[in-house]
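> Submitted below is the structure of interest, expressed as structure tokens.
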Amino acid sequence: MIANLTETGWEIIYHRAHALLAAQLGGQWKRSKSPIRLYETIAAISHHDDLEKEWEENILTPAGAPLDFTLDTETSLPKIKGLTQNALYRGRWVAMLISMHMSYLNEGKRGESPELDEFLDEQLANQKKWREELEISQEDAEAAYAFFQWCDRLSLILCNGELPAGERALEIGVGPDGKRYDIVQDSNQLVTVTPWPFEDEKFTVNVEASYLDKIKFDSNKEIKEALHKAPKKLLEWTFVKS
């Protein structure tokens with residue numbers, strides 16, 4: 001989950017909600033410049049964080065604060081195996097993109113255990129097999145995954161409250177076309193991206209957040225009950241072409 005400190009407690013955004021926001025952003029991409037198999041790619045973006053089940057897991061730091069995903073560095077092999085296997089029920093294209101995402105997140109940990117290395121080797125073999133079966137070039141697969149990453153990154157910028165003040169630009173990253181994209185928020189809270197990659201000249205996206213009114217919790221049971229009862233708010237961002 002994403003945990004943002006507020007004046008009175010915490011703003012919590014579930015990872016599945018962040019993924020849904022990323023999918024909304026992907027759905028706004030200019031149709032003539034979209035990667036192949038756009039709707040399946042958006043489905044992969046929407047479901048790429050399905051392994052996160054905050055209601056079942058430890059979501060507290062040792063100090064009793066909500067556990068932000070950036071602090072949760074432990075790799076659960078059963079979880080990532082389950083995600084890649086279950087993705088196949090949505091089709092090989094979705095499974096391939098989810099597998100590429102697992103490779104991206106975990107290749108840097110290669111060597112930590114034989115089991116992890118075996119999993120990573122299996123992902124590379126599966127990706128190659130699925131590209132061949134789907135008659136998809138590696139270039140097209142990499143462009144689709146770059147689009148996936150771009151949408152994921154932009155959603156995280158919004159959910160983490162990373163938009164700079166003073167109309168300063170922040171790099172989102174490189175899109176599927178190889179171009180660098182930047183985001184800026186103006187004094188009226190309108191957001192623009194340059195160069196403009198979207199179909200419409202103005203649109204609004206949103207994500208739902210929950211609000212906790214205390215800083216520290218004594219147990220997972222306490223914070224989960226608090227989240228269940230927490231007031232919720234729809235956070236919105238309006239994008240406009242500059």
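> Among the residues of segment 183-225 satisfying the criterion of being modelled with pLDDT of 95 or more and of a type in the set (Gly, Ala, Ser), which is nearest to Glu167 (Cα to Cα)?
Across segment 183-225, the extreme among qualifying residues is Ala209.
> Right, next: I'd like to verify a number: residues in segment 57-67 that are crowded, with 17+ Cβ neighbours inside 10 Å, part of a loop (DSSP other than H, G, I, E, B) and modelled with pLDDT of 90 or more, how many?
The qualifying residues number 1.
> Could you please let me know if Ser155 is within 25 Å of Ala43 (Cα to Cα) and outside any strand (DSSP E or B)?
Taking the combined requirement at face value, the residue satisfies it.
> Going through Glu118, Glu132, Glu139, Glu112 one at a time, which residue ends up being surrounded by fewer than 19 Cβ atoms within 10 Å (Cβ to Cβ), charged (D, E, K, R) and in contact (Cβ under 8 Å) with a residue 12 or more places away in the chain?
Only one candidate qualifies: Glu112.
> Which residue, of Pro176, Pro197, is farther than 26 Å from Asn4 by Cβ, touching a residue at least 60 places away in the same chain (Cβ under 8 Å) and in contact with a strand residue (DSSP E or B) (Cβ under 7 Å, 6 or more places away or on another chain)?
Pro197
> Report, ordered by the first and then the second residue, all pairs with beta carbons closer than 6 Å, sequence separation of six or more or different chains, a first member in segment 91-102 that is in contact (Cβ under 8 Å) with a residue 60 or more places away in the chain, and a second member that is of a type in the set (Ser, Thr, Tyr) and surrounded by fewer than 22 Cβ atoms within 10 Å (Cβ to Cβ).
none
> So Leu163 ticks every box in (1) surrounded by fewer than 19 Cβ atoms within 10 Å (Cβ to Cβ); (2) among the aliphatic types (A, V, I, L, M); (3) in a helix (DSSP H, G or I) but one. Which box is left unticked?
So Leu163 meets the others, but not (3).
> In segment 226-242, which residues are outside any strand (DSSP E or B), within 30 Å of Thr192 (Cβ to Cβ) and at pLDDT 95 or above?
Lys241
Yes or no, residue by residue, for (1) farther than 30 Å from Glu11 by Cα; (2) under 22 Å from the mean Cα position of the chain (by Cα); (3) aromatic (Phe, Trp, Tyr); (4) assigned to a loop (DSSP other than H, G, I, E, B):
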residue	(1), (2), (3), (4)
Ala87	no, yes, no, no
Ser99	yes, yes, no, no
Glu107	yes, yes, no, no
Gly111	yes, no, no, yes
Phe119	yes, yes, yes, no
Gln123	yes, yes, no, no
Gln127	yes, yes, no, no
Ile136	yes, no, no, yes
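> Ser76 passes all but one of (1) more than 21 Å from Glu40 (Cα to Cα); (2) of a type in the set (Ser, Thr, Tyr); (3) surrounded by 15 or more Cβ atoms within 10 Å (Cβ to Cβ); which number fails?
Going through the list (1) more than 21 Å from Glu40 (Cα to Cα); (2) of a type in the set (Ser, Thr, Tyr); (3) surrounded by 15 or more Cβ atoms within 10 Å (Cβ to Cβ), Ser76 breaks only (3).
Per-residue answers, yes or no, for (1) over 20 Å from the mean Cα position of the chain (by Cα); (2) aliphatic (A, V, I, L, M); (3) over 23 Å from Thr61 (Cβ atoms):
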| site | (1), (2), (3) |
| --- | --- |
| Leu170 | no, yes, yes |
| Pro176 | no, no, yes |
| Tyr181 | no, no, yes |
| Val191 | no, yes, yes |
| Asn206 | no, no, yes |
| Ile223 | yes, yes, no |
| Glu236 | no, no, yes |
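The values are calculated or read from the model by the stated rules, or taken from the named source; none is laboratory data. Here the structure is a predicted model, which is why all the values come from computation and not from measurement. For neighbour counting, all protein chains shown are included, and Cβ atoms are generated from backbone atoms with ideal geometry for every residue, glycine included.
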